[in-house]
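Written below as structure tokens is the structure these notes are about.
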Amino acid sequence: MSAADEILDIVDEHDRVTGRSPRGEAYSRGLRHRCVFIRARDAQGRLFVHRRTPTKLVFPSLYDMFVGGVVGAGESYDDAALREAEEELGVSGLPRPEFLFKFLYDDGAGRTWWSAVYEVRCELPVDPQAEEVAWHAFLTDDEVEAHLQDWQWVPDGLAAYERLKAYRSGLSGA
């Protein structure tokens, strides 16, 4: 089965399931669905960053500071986070990613999805999926910040990053 044929739950503005659709159709018709974003750090605390392959259905060849993807029909966010992290990092036996928060991504141009943001520590050697990841490295937070202006990043990942920074500053102020 191709990625475009994968069945997704279609959800409303309150994240309630209203139907199901193949991924390709959900993308082409701008149907709201569910995604997971996982920040993966290595044992030294560096962040996994990668460039997506040119064959990706959404945001091909752009950089991303999250691993993740769509939540399959009937799948929980938590299960999708673990599955996607292990698939994209090319590992098995990863600890369950920690859920942080959820937000509705909507670019105003037909790309909209509920986005659950997670974190995980990956102390295993990574072997990213060649179909998903064209390039990868573990970078420090300062290195990531330095590349925010000169690399083309996936817009939903940047939205998740900005919300994560706000979430972290809210936690530190609590």
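Values quoted throughout were computed directly from the atomic coordinates according to the rules given, and no laboratory measurement underlies them. Keep in mind that what you see is a predicted model, and the values were worked out from it rather than measured. Methodologically, a virtual Cβ is constructed for each residue, glycine included, from the backbone with ideal geometry; neighbour enumeration extends over all protein chains shown.
Assign unit charges at the C-beta atoms only (+1 for Lys and Arg, -1 for Asp and Glu), then state the dipole size of segment 1-156 relative to its Cα centre in Debye, rounded to the nearest 20.
So the magnitude is around 300 debye.
Can you tell me the relative contact order of segment 22-174? Whole percent, Cα pairs under 8 Å, sequence separation 6 or more. Don't skip to the end; give the middle numbers.
Working: 275 pairs, mean separation 47.3, N = 153.
Dividing the mean separation by the residue count of segment 22-174 yields 31 percent.
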